[in-house]
1. Could you tell me which of the residues 790, 805, 797, 745 is open to solvent by 100 Å² or more (accessible area, probe 1.4 Å), at pLDDT below 60 and of a type in the set (Ser, Thr, Tyr)?
2. Name the residue that is modelled with the highest pLDDT, counting only residues in segment 572-590 that are open to solvent by 60 Å² or more (accessible area, probe 1.4 Å) and within 22 Å of residue 684 (Cβ to Cβ).
3. Hey, among 82, 54, 87, which residue is farther than 22 Å from residue 186 by Cα, of a type outside the set (S, T, N, Q) and in contact with a helix residue (DSSP H, G or I) (Cβ under 8 Å, 6 or more places away or on another chain)?
4. Would you confirm whether any residue within segment 508-521 is assigned to a strand (DSSP E or B), open to solvent by 50 Å² or more (accessible area, probe 1.4 Å) and out of contact with any Phe, Trp or Tyr (no Cβ under 7 Å at 6 or more places or on another chain)?
5. How about segment 622-650: which of its residues are within 10 Å of residue 674 (Cα to Cα) and of a type in the set (Gly, Ala, Ser)?
6. Out of segment 423-441, which residues are modelled with pLDDT of 90 or more and in contact with a helix residue (DSSP H, G or I) (Cβ under 9 Å, 6 or more places away or on another chain)?
7. Test residue 504 against the stated conditions and say whether it is in a strand (DSSP E or B), within 12 Å of residue 460 (Cα to Cα) and at pLDDT 90 or above.
Amino acid sequence: MNWRIAIDGPAGAGKSTISKRVAKILGFEYIDTGAMYRAVTLKALGLKINLHNEDDYKFLEETKIDFRNQRLFLDDKDVSEEIRSLEVSNNVSLVSSFGYVREKLVQLQRKLADKKNIIMDGRDIGTVVLPDAELKIFLNADIKERAKRRLNERKEKNQPVQSLAATIEEIRERDLKDSNRTISPLQKAVDAFEIDTSKLNVDEVVEEIIKLVLKRGYKMENLEKNKMIQNEETTAEEMQAKEEQMPETADVLEVKAEEAPTTEASEEKVLEESVEATEEMTTEEAVATEEATETEAESTEEVEGTTTEEVSDEEEDLEDVDEDQESLETEAPEDAEEEEAAPEKAKYRELQVVEGTVVEVIEARPEEVRGNKVIKAKKERVLIQLDDGQEGYLFRRDTADIHEDEDLFDLFLEGDRVQVVIKKIYPDGGKFIFSTVLLKMRNELKQFDEVIKNHGIITAKVVKELSVGYLLKHNEFSCLLPSTQVAVPEDEREDFIGSEIEVAPIRIDYGRIRLIVSQTVANAIKKRQEKRDFLGTVEVGQVFDGVVKNIESYGAFVEIAPGVEGLLHISELDHNRVYKVEKVLNVGDAVQVQVIKVDDERVGLSRKALLPNHWSDFVADKEVGMIIEAEIIEINNSGVVLQLAEEVTGFLPKSEFAYERNTYITDFVEVGETISAKIIEIDPHKKRIILSRKQLTDNPWDNLNCKVNDTVEVTIFKELKEGYKVSLAGAIGYLPKRSIPAQDTVSEGDVVKAKVRVFDPQKTRLVVSMRAEHERQEREAYGKFIKAQTQEKLSDTFGDLLKIT
C-alpha cells in the first residue's frame, strides 16, 4: 500500500519548500501540482491561444509533462525556472479554473500517486485530487509574510520583481481567484491539519509534519523501508565509483575523522527530534546517529577487527618494506631523486580500491648470517605498482583464495593487472600494503543489499566497545552498532560484550568495509513481523477486548494485540449519532470491538456492531401507513418527539400534527401523554421515523360547508387568554371572549351557538361570535314581540272597544 500526503495552502505559504524537504527525509516522491498547471500556462502563452477559451486547451492531448530529479520537463524541455515568471503567475489561476485542464492533470496526478509513496502539494489536493490521502496538511501564513517570500524567491532566481505592496496585491488577487473559482476552489479539507508558517522556519514546519506522519499511523519501520528504497537507487558499484573519483571526501579508517554534509545533518536532526516522540527507532535515525557519532570519536579508535597478531604481522611487514626501501635507495643512482619525484600520497586513503600492475613476485627468504650481520627472513610478497608510480606489497596473508600448497608465483605473473585494496599507508612514506582479502570482503558486502532491501535480521557477536558504539562480528564481517541503536539499557550491559545479538543491517559502509547495524531497528522489524503474522490470522467478524490508545476527531485507535491497533471510526461507536468521541470513550478505556475490515495492515473496528440495535429491531415489522401509540417525551417549535421503543424515537412534525396552520401543539397535548400516530416515513440510512397525527382523520376543511353570517353550533374545548378554541365538525376555530355577551358564561365542553364571522378553508381559518348570535336572537325576539302586538291590535272589534269603555 502506498502512502499519500496532501499539502494544500495559498500562494507563498511555503508548500513547495516544505514538501520537497519532507519528501527527501521520508524518501517519498515529490509531485508539484502547481508547477504542472504553470507548465500548461507557459505553453498556452507560448502558443498565443485565447486563454479565456477552454476549447483552445486541446493541445494537452499531445502535451507531455514529466518530473525528473525534482525538475519539471514540458515536452522534454526543462522549464523549472520559466514557469515561475510573473506572466505565468498572473495567468495560472485562470488556466487552472477550466474543467478540461484540471481533468487532464488530475488524471495524471492520481496515476503518479498509485505507483509510489508521494507528497503532493497544490490548492485542492486534499479535497479533489487525493480526498482519501493518509495525511492532509493545510499550510497558511499572513499575506505580508507570503508576499515577502514570493519577492525573495524571484530575486534569488533573477526574475522580474515588483514592490512589496504590489506583490501583496498580487497575492491578494490570487487568493481571491483561487478561493472563488467554480471548479475545485482553494479550501481546507475538513480532516486537514492547519499549520501557520508565519513565524516558523522550514525546519520547524518539517518537524511538525514528520510528527503528524508518525502520529497518523506511518510506523517507524515504514520510515526505514522508504529510506532503504531510496538507498537502493545507488548501487554498490556507484558507491565504489564515487569513492574512487572523490577520494579526498571518502570514508577512511577509524583513525580518521569526517564531517557529514550540513544539509543532510540538518535533515537528520529534524528526523531525530521528531522520532523522540515515539518509542521505536528508525533506520534513518540510526544512520544519522552513526554518522554524527563517528565524526566525534573516530580519531581515538583503531582499525576494526585488527587483532594483536595482525598488528605484529604489519610491524614485520613494515620492517620488510623498510629494508626493501633501503636496498632500493642503495642500489639507485645518485640522481634518482632528480629523475623521479616521489608520488603524492594525499590522493590515496586506506581501504581505497585501486588497480595496478604486478612488477615482481618476490620469493620468501630464510634468515641467514653474512659475516657478523644477521639478515632477517623475509616473507614472499608481490610488488605492485599503481599507474602513477606508487608501489606497494601484497603479502601472502593478505591474499584471498590462496591454498596452503600454493605460492604467490602460482597466482601472479609479472605484468598482470590486479585490483587491490590499500590496507596500510605509513605516515613516513614508502610503499603501501595491499590486500585482496579486504577486496573480496568488500565485494561480498554487496550480498547485504538484499538483506537490507528485505528488512532482514542477522546475528552478530559483540567484540568490544568503541567511543561511538560497539564493534560486532558477523562471520568475517565487521559491524558498527552505534550507541543510540542499542536496545539494551545501559545499566543492563554488564554481559553485553561477548554476547550474540540480533541486529538489522541498515547501511553498507564500503569505505570502511563494514556494516552499520541497529538493534532497535531489528526489534522494530521483529515487532512488525509479529504484527503481520497476527494480522494474517485476523478475520472480519472477530471480537477483541481492546484498549483505547489514542483519540482523534474522527475516531479512536484501539490496541487489539501488542503493537496492533485498529481504527474505531466515530460512526462505529454507537447506533445513535456521536458528535464527540470523548463523550463515549477516553484514552485508557477498555472496549470490546468487532473487526469489520482488514486491508493490508489497516484494521477497521466497530463497537456498535456488538451493541443491541434497538432501531433495527423496532422497524423490522413496521411499515409506512401503520398506526402506533407512543408517549410524548418532548415538544418543541418543530414538532413532537415520541418514544417508540427503548432507545428508539420518532418525530411528528408540527405540520403533521393538525390540518390547521400555526397550531399550538401544547393546546392539544402535553409531555407524558400517549397519542396515536401514523408512520409516514422510515429512513434506514438516517435512522429516522416520521409520524403524522392529522392523517388519522380526513381533512375536515374539505367537507365543511358554511359561510359568513351562518349560525353554527361549536364545541368549546380549550380556554385561552383572549378567547376559546372551538371545534366545528372537526375543524378548529376561535371564539373571542369579547364576542361573548356579558350575561352569558361558557366553559370547556359547552356547545354554544355562534355566528360565523370569518371562514377561509384555504388558510384553515374560522372565527365565530356569540354576540352576533345574541343580537340576532334579540332581534328575532323583538320582531316576534312587535308582530304579536300588531296582531293583537288588529283583532279588536268595535263591540270590544265599547265593552272596554
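The values are calculated or read from the model by the stated rules, or taken from the named source; none is laboratory data. If you're wondering where the values come from, they're calculated on a predicted model, not measured in any experiment. As a convention, Cβ positions derive from the backbone with ideal geometry for all residues, glycine included, and neighbour counts pool all protein chains shown. The protein model used for the area step is the full one, side chains on, heavy atoms only, and it has no ligands, DNA or RNA in it. Shrake-Rupley method; radii C 1.70, N 1.55, O 1.52, S 1.80 Å.
1. 805
2. That would be 579.
3. One residue alone meets the criteria, 82.
4. Of the residues in segment 508-521, the ones assigned to a strand (DSSP E or B) are 508-509, 514-518.
Next, only the ones that are open to solvent by 50 Å² or more (accessible area, probe 1.4 Å) stay: none.
No, there is no match, as no residue in segment 508-521 is assigned to a strand (DSSP E or B), open to solvent by 50 Å² or more (accessible area, probe 1.4 Å) and out of contact with any Phe, Trp or Tyr (no Cβ under 7 Å at 6 or more places or on another chain).
5. 630
6. Hits for segment 423-441 are 423, 424, 432, 433, 434, 435, 436, 437, 438.
7. So residue 504 fits the description; yes.
For (1) buried (at least 17 other Cβ atoms within 10 Å of the Cβ); (2) of a type in the set (Gly, Ala, Ser); (3) touching an Asp or Glu at 6+ places or on another chain (Cβ under 7 Å), each residue gets a yes or a no:
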{"site": "106", "(1), (2), (3)": "yes, no, no"}
{"site": "114", "(1), (2), (3)": "no, no, no"}
{"site": "122", "(1), (2), (3)": "yes, yes, yes"}
{"site": "133", "(1), (2), (3)": "yes, yes, no"}
{"site": "147", "(1), (2), (3)": "yes, yes, no"}
